[in-house]
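What follows is a single structure, written as structure tokens, with notes after it.
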């Protein structure tokens with residue numbers, strides 16, 4: 001049973017993950033993007049005060065409201081202390097009201113209204129995904145500032161040093177300082193293109209959680225949770241309720257529904273064909289269907305729509321043999337027309353393998369055998385190994401699996417490929 005301190009720590013950690021980004025976003029709106037560290041410090045101060053106070057008084061009835069109120073009061077202290085300094089730019093008409101003792105409290109209350117919090121959080125997401133900021137810096141900054149990840153946790157997600165992450169954060173903050181980017185939701189004419197950039201960052205985060213490059217963990221539920229939280233935030237505001245946002249939400253629901261069946265109790269990877277579908281989360285699948293239906297408006301067909309449609313076909317099949325491979329193949333054909341992605345091509349080859357057999361799959365894969373970039377993908381060699389194995393060319397299959405093992409860092413994937421080799425050897 002959890003003791004009092006453990007319960008407080010658990011509540012604060014959960015609350016910090018859920019709310020720190022929103023608080024930081026509001027505070028950046030107040031202090032300006034040139035004072036990101038100041039905004040982060042205020043949130044940290046509120047968290048520390050909560051930890052100290054709750055140990056003696058217990059967890060309040062509404063811990064979220066308590067934390068927000070504490071951050072707001074700390075922000076008022078900062079405003080009063082810097083009213084005559086150059087740290088905060090009070091030239092904006094709205095911010096000028098913060099410099100008067102008569103209007104400070106009411107103006108600060110206005111910043112912390114629920115709708116303003118939502119808008120500021122989304123505005124910060126769009127600012128983080130500014131097209132002039134590299135994608136790795138976008139995701140680094142989102143994880144650190146909007147998702148409450150520590151520098152160490154972000155470094156683990158990217159498989160790099162904390163020093164590298166600190167440099168990325170510094171460069172991004174310097175960009176904000178230099179260009180004074182306003183954290184705001186784009187105008188209607190620009191919102192679609194900018195939203196695709198935001199969705200790309202969210203999906204990369206989700207993919208790292210779903211199939212982590214981290215050697216020790218195949219599934220990172222913390223990243224999955226944060227990616228879905230960010231996407232739901234987009235759907236909570238009317239201006240960003242776009243077809244592609246609904247489509248990505250559907251896709252993540254379908255994939256997340258299968259998480260508990262992807263690994264054995266010992267942590268071994270279970271392929272789709274052998275997963276226990278009774279363990280799939282039916283509520284998440286239903287949510288995915290709902291979001292996919294919501295995505296079917298306008299004249300936009302994105303990769304998220306097609307990937308969600310593929311994931312739906314897998315989730316709706318009662319057993320592996322019932323999978324509608326024809327429909328899935330059609331989706332992959334459309335995907336390749338939108339984006340000639342090597343992973344999409346390889347997945348299409350696996351569908352052809354299921355639908356038409358190894359000979360046809362081999363012909364499809366033959367088209368990229370001279371592609372030097374493809375040779376670096378472990379999935380390419382794993383796919384080729386599967387095809388060779390089904391063709392009865394076991395020596396070639398083993399060679400392909402060994403090459404794939406060299407190219408993946410995942411322990412689970414290495415073990416799966418070694419199991420395939422053992423199966424071939426033991427069957428001789």
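The values are calculated or read from the model by the stated rules, or taken from the named source; none is laboratory data. All values derive from a computational prediction rather than experimental measurement. Reconstructed Cβ throughout: ideal geometry from the backbone, glycine too, with neighbour counts over all protein chains shown.
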Completion exercise
In region 313-352, residues that are touching a helix residue (DSSP H, G or I) at 6+ places or on another chain (Cβ under 6 Å) and farther than 27 Å from residue 371 by Cβ total 5
Problem - The lone exception for residue 61 - which of (1) free of Cβ contacts under 8 Å to residues at least 12 places away in the same chain; (2) part of a helix (DSSP H, G or I); (3) surrounded by fewer than 16 Cβ atoms within 10 Å (Cβ to Cβ) it fails - result: (2)
Completion exercise
Within region 88-117, restricting to residues that are crowded, with 16+ Cβ neighbours inside 10 Å and within 23 Å of residue 172 (Cα to Cα), the one that is farthest from the chain's Cα centre (by Cα) is 88
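Condition check ((1) under 17 Å from residue 181 (Cα atoms); (2) at pLDDT 95 or above) across all residues:
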| residue | (1), (2) |
| --- | --- |
| 33 | yes, no |
| 48 | no, no |
| 74 | no, yes |
| 80 | no, no |
Handout entry: region 205-221: number of residues that are modelled with pLDDT of 85 or more and surrounded by fewer than 20 Cβ atoms within 10 Å (Cβ to Cβ)
Key = 2
Exercise for the section: Starting from residues that are loosely packed, with under 15 Cβ neighbours inside 10 Å and under 25 Å from residue 229 (Cβ atoms), keep the ones in region 161-187 and report whichever is modelled with the lowest pLDDT. Expected result: 182
